[in-house]
Amino acid sequence: MSLAPRSVVIKGTGSYTPANIKTNDDLAKLVDTSNEWIFTRSGIKERRIADETENTSDMGAKAAARALENAGLEASDIDIVIVATITPDMPFPSTACLVQTKLGIANAICMDIEAACSGFLYIMEVASALLKSGSYRNALIIGAEKLSSILDWQDRTTCVLFGDGAGAAILSISDEADVGLLDFQLGADGANSDVLFMPGGGCSQPATPASIDNRLHYLKMRGREVFKLAVKVMEQAAKEILEQNELKSDQLACVIPHQANMRIIELLASRLEIPMDRFYLNLDKYGNTSAASIPIALDEARREGRIQSGDLTLMVAFGAGLTWGAALIRC
Ligand code: ACO
């Protein structure tokens with residue numbers, strides 16, 4: 001089958017966050033912190049935390065079901081499922097296979113891709129390339145995380161920043177030109193892999209009583225270094241994609257940044273000379289949900305009418321790896 005599509009469009013989006021809200025004051029009962037410290041340093045007021053029975057694949061499947069409904073498609077229409085996550089239900093099989101069966105998707109290729117907080121932009125480009133090959137029609141892409149399962153609830157420098165949730169999009173081929181996913185600018189630098197990582201649980205440090213005692217199965221972060229690198233790589237990716245497409249920043253109707261820290265976003269906005277009211281923000285409600293952050297924001301922005309038909313939107317992210325990326329879409 002060769003469909004020779006002209007473009008790949010976002011046909012629908014959906015998101016899901018757990019009902020359980022943990023406020024900054026709730027966290028101040030667990031570790032030595034305060035609402036004032038967390039809010040002024042990060043912009044976060046609260047986050048959602050999944051319960052013990054709710055896994056990454058469950059949240060991903062709920063977001064995906066909403067995206068399918070929004071797109072007006074059935075499970076049987078999907079031929080690709082890709083999940084971006086750093087908190088899979090288990091090392092294997094892939095979370096994408098678990099989501100596939102939860103949704104009753106019969107005939108699809110399924111895989112996970114791990115690029116931390118940049119993961120959703122990575123899977124967007126991978127799915128787009130597969131769809132443009134002409135062998136597939138519709139892809140379900142999901143960013144989903146249960147970060148609460150890898151947070152050290154005794155470490156105040158990390159546990160206050162993250163939350164759980166999932167966002168999804170249906171990408172479809174289209175004969176229209178100059179719409180949908182217009183361009184990507186992705187990058188990575190493994191030389192900085194030690195600023196944000198989880199040492200335990202892989203083959204280099206499998207789970208042992210010692211690895212557990214040494215708290216190796218938790219996310220570790222050098223926050224200040226991440227902060228500086230984040231601003232640098234997001235500014236670079238955003239400027240490059242605008243230049244490549246001969247666009248000026250004032251032509252963007254909306255910017256959806258990875259929702260990690262308000263001060264990072266404010267610095268990015270000033271370096272790109274884009275007013276803050278053009279940025280879609282929900283960081284205060286959810287904290288940093290890693291690969292789920294951009295698709296949750298994209299879904300909320302579409303549903304709230306912040307992105308209208310024909311609008312140019314820039315999405316920009318950074319994450320562990322380091323990885324980063326920018327994507328330009330016209331809805
Ligand atoms: N409550 C109170 N005090 C705290 C807390 C807390 N939760 N956490 C740290 N502190 C203390 C520190 O111990 C330190 O105390 P000291 O001066 O006595 O040593 C002081 O606050 C300042 O700490 P810094 O780390 O210098 O604080 P900073 O202003 O840099 O803010 C933060 C820290 C919020 C982590 C910031 O560096 C940041 O946002 N970095 C980027 C993080 C990020 O975006 N991570 C996501 C990456 S995406 C991904 O792939 C998952």
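If contacts are Cα pairs under 8 angstrom and at least 6 residues apart, what is the relative contact order of the stretch 192-272 in percent?
With pairs under 8 Å counted, the relative contact order is 27 percent.
So, with +1 on the Cβ of K and R and -1 on the Cβ of D and E, and no other charges, what is the size of the charge dipole of the chain about its Cα centre, to the nearest 20 debye?
Once rounded to the nearest 20, the dipole reads 280 debye.
What is the gain in length, in nm to one decimal, between Thr23 and Met111 on full extension, counting 0.36 nm per residue of separation less the C-alpha to C-alpha distance?
Details: separation 88, 0.36 × 88 = 31.68 nm, distance 3.41 nm.
Extra length from Thr23 to Met111 when fully extended: 28.3 nm.
Counting only pairs 8 or more places apart or on different chains, how many lysine pairs in the stretch 181-330 have C-alpha atoms closer than 20 Å?
4
Quick check: residue separation of Thr157 and Thr208 times 0.36 nm, minus the Cα distance between them. What number comes out in nm?
Between Thr157 and Thr208, full extension yields 15.9 nm more.
Name the residues whose placed amide hydrogens come within less than 5 Å of the amide hydrogen of Met198, ignoring near sequence neighbours (fewer than 5 apart) on the same chain.
Amide H neighbours of Met198: Lys220.
So, with a 1.4 angstrom probe, what is the percent of accessible area on the chain that is carbon and sulfur? Spell out each step's value before the answer.
Working: 6890 of 14080 Å².
Carbon and sulfur: 49 percent of the exposed surface of the chain.
Across bins of 20 angstrom width beginning at 0, how are the C-alpha pair distances of the chain distributed, in whole percent?
Computed distribution, short to long bins: 34, 59, 7.
Once the piece of chain linking Glu273 and Arg215 is laid out straight, how much longer is it, given 0.36 nm per residue of separation minus the C-alpha distance between them?
Here the segment from Glu273 to Arg215 would lengthen by 16.7 nm.
Calculated FRET efficiency, Thr40 and Arg6, Cβ-Cβ r, R0 45 Å, to nearest 0.05? Could the numbers behind the result be given before it?
Numbers: r = 48 Å, r/R0 = 1.06.
Given R0 = 45 Å and the Cβ-Cβ separation, E is 0.40.
With the other protein chains left in place, how much accessible area per residue, in square angstrom, belongs to the chain at a 1.4 angstrom probe?
43 Å²
Just need the relative contact order of the stretch 184-331 here, percent rounded to a whole number, with Cα pairs under 8 Å and 6+ apart.
Result for the stretch 184-331 is 33 percent.
What distance in nm lies between label points placed 7 Å from Cα along the C-beta direction at Ser133 and Ser174?
So the two model labels end up 2.3 nm from each other.
Net charge near Asp77: determine it from the other residues with C-beta under 15 Å of the C-beta of Asp77, scoring Lys and Arg +1 and Asp and Glu -1.
-1
Rounded to the nearest 500, what is the chain's calculated 222 nm mean residue ellipticity when only DSSP H runs of at least 4 contribute -39500 (n - 2.57) each, over all residues?
For the chain, the value works out to -9500 deg cm²/dmol.
DSSP beta bridges in the chain, what fraction antiparallel, as a percent rounded to 5? It would help to have the intermediate numbers written out before the result.
Values: 39 of 55 bridges.
Percentage antiparallel, nearest 5: 70.
Once the principal axes of the Cα atoms of the stretch 120-242 are found, what is the range along each, listed largest first in whole angstroms?
56, 30, 26
The values are calculated or read from the model by the stated rules, or taken from the named source; none is laboratory data. Quick caveat, the model's predicted, so the values are computed rather than measured. Because the Cβ atoms are built from the backbone with ideal geometry, glycine has one as well, and the counts that use them run over all protein chains shown. Only protein heavy atoms, including side chains, enter the accessible area calculation; ligands, DNA and RNA are left aside. Shrake-Rupley method; radii C 1.70, N 1.55, O 1.52, S 1.80 Å.
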